[in-house]
1. For region 139-241, what percent of Cα pairs sit more than 24 Å apart?
2. Once the Cβ-Cβ distance between I5 and S297 is put in as r, and R0 is 56 Å, what FRET efficiency do you end up with, to the nearest 0.05?
3. Given charges of +1 on the Cβ of Lys and Arg and -1 on the Cβ of Asp and Glu, with all other atoms neutral, how large is the dipole of the chain about its Cα centre, in debye to the nearest 20?
4. Using a 7 Å offset from the Cα along the Cα-to-Cβ direction at both L467 and Q320, what is the distance between the two label points in nm, to one decimal?
5. Report relative contact order for the chain in percent, whole number only (criteria: Cα-Cα under 8 Å, sequence separation at least 6).
6. Quick query: amide H of G157 versus all other amide H atoms, modeled in the peptide plane; which residues come in under 5 Å with a sequence gap of 5 or more or a different chain?
7. Give the order of F38, F471 when sorted by the count of other beta carbons within 10 angstrom, beginning with the fewest.
8. Roughly what would the spin-label model give for I327 and F249, points 7 Å off Cα along C-beta, in nm?
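What follows is calculated from the coordinates using simple rules that are stated; it is not laboratory data. Quick caveat: nothing in here was measured; it's all calculated off a predicted structure. Positions of Cβ are generated from backbone atoms using ideal geometry, with glycine treated the same way; all protein chains shown enter the neighbour counts.
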Amino acid sequence: MSEIIKAPRGTRDILPAESWKWEYVINTAAEVMKDFGFAQIMLPMFEHTELFSRGVGETTDIVEKEMYTFTDRGDRSITLRPEATAGVMRAALENNLCAQGAFAKLWSWGAMFRYERPQKGRYRQFYQIDAECLGIENPEADVEIIDLSIELFRRLGLKNLEVVINSVGCENCRKIYRDKLYEYFSAHKSELCESCLARLERNPLRILDCKNPECGKIADGAPDIYDSLDDDCREHFEKVRAGLERLGFKYRIDKRLVRGLDYYTKTAYEILSGDLGAQNAVAGGGRYDNLANAVGSSVKIPGVGFACGLDRVVLVMEEQACSFGKIPEPEIYVVADDEESRKHAQILTHKLRNAGVHVECDISGRSFKNQIRNASGCKLACIVKDGKFEIRSKDDSGVGIVSKILEREREKFVDIKNVLAQKSTGFVDKALEILEHERDHVTNIKNVLEKKRAGDYSDGIVKLDNLDEAFDYLSANL
Ligand SMILES: [Zn+2]
Ligand SMILES: [Zn+2]
């Protein structure tokens with residue numbers, strides 16, 4: 001007998017028990033994007049390999065070790081996208097979205113693919129929300145992107161977040177900085193890890209974000225990038241900082257923040273969560289003024305953007321007990337027992353769904369008893385029997401009525417307090433009047449609670465004679 005085929009390592013199924021949470025995050029993101037004027041762009045999940053090797057950079061971990069690359073039947077080298085920005089830039093160039101000085105604010109969400117060691121919150125097929133602002137060199141665009149990502153997390157209710165920013169300079173600044181780093185790290189060769197020794201020759205900047213604590217110690221003493229920034233890059237960074245301060249954001253500057261992609265210029269930033277351990281970035285991004293040229297554009301198209309890992313965001317939201325909105329469950333369950341009643345139930349369900357109501361009705365031929373059990377989670381149950389419709393509400397225990405009376409009563413207490421406080425003429429009469437009134441409420445509550453104890457739910461049951469009446473009642477009482 002053959003074995004059941006399982007999902008490949010590093011992938012997973014987002015099942016209904018979880019997918020509604022994802023839907024909430026994506027819908028919230030769509031709202032934030034709309035408020036910031038970003039339009040959705042939908043891109044292919046695979047591109048020519050060259051787009052990433054040239055865009056992301058030959059010496060990056062992504063291109064060297066992590067890409068899903070294959071030759072298709074037409075003998076082309078194809079890669080499943082490991083990130084979104086290069087694809088967005090490719091689409092903008094191909095479709096002239098930034099021609100003649102135009103700019104484009106685009107967002108997207110979807111699956112990315114990287115061959116990494118799977119761990120908590122990290123998968124080989126993972127999901128990202130991306131926003132990219134193309135065609136604008138001003139630091140205001142950087143500030144807007146950072147503001148956008150912070151606003152997304154604010155609306156999702158994430159706590160303990162930290163914004164970390166840095167400037168990685170332009171190509172010219174980096175050339176100078178690279179030489180300084182090469183000199184510095186060459187003097188510490190014996191203390192560097194194996195990967196960093198390789199990085200030293202090819203891209204010493206990457207040593208700065210090595211996770212190895214020994215390398216980290218050495219990197220702490222490395223030359224400061226700010227000393228290598230030219231006036232333009234320095235001014236840009238100052239303006240981004242001033243913009244963030246103007247909006248009231250707190251941030252930390254981390255001169256070791258270089259991010260793992262070659263295309264970043266000037267601003268680099270991350271949003272860290274205190275609840276993710278070592279894997280703690282929930283979003284990261286920055287400016288990439290050379291990406292367009294790297295992927296073949298003859299004109300310069302500056303850009304700034306961010307990506308947010310959906311898998312991690314959902315994980316942190318769960319850990320922080322954030323709200324994912326309302327669990328999708330039916331508001332009404334239509335229960336029917338015999339064949340004839342099932343037909344009525346089917347029509348009633350159809351009509352209610354037409355009216356935009358979330359209704360469930362048994363389609364699997366369950367017994368009446370089982371249907372009632374399923375209905376118990378709903379606000380309203382409609383029982384169809386002999387052409388009649390009986391509606392039971394979840395509040396039929398009397399709890400709703402009792403709380404309504406108590407609510408009303410609270411006002412009376414306030415009244416009495418006020419009257420007594422005034423001690424004006426006739427205040428005793430007034431107070432007595434109110435107390436007399438209140439006695440009725442107390443009697444009411446007693447009656448309701450007694451009925452409940454006796455198992456008499458007749459107050460909460462509504463009997464209706466035909467389908468139209470049932471429809472009208474149900475639509476009006478949701
Ligand atoms: Zn520069
Ligand atoms: Zn290292």
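1. On the way: 2088 of 5253 pairs.
Roughly 40 percent, rounded to a whole number.
2. Rounded to the nearest 0.05, the efficiency is 0.80.
3. Numbers: 69 positive and 79 negative charges, 156 e Å.
It comes to approximately 740 debye.
4. Taking the simple label geometry, L467 and Q320 are separated by 5.0 nm.
5. Details: 739 pairs, mean separation 66.5, N = 478.
Result for the chain is 14 percent.
6. Excluding prolines and chain starts, which carry no amide H, there are no hits.
7. Numbers: F38 24, F471 20.
Going from least to most buried by this count: F471, F38.
8. A separation of 3.6 nm, rounded to one decimal place.
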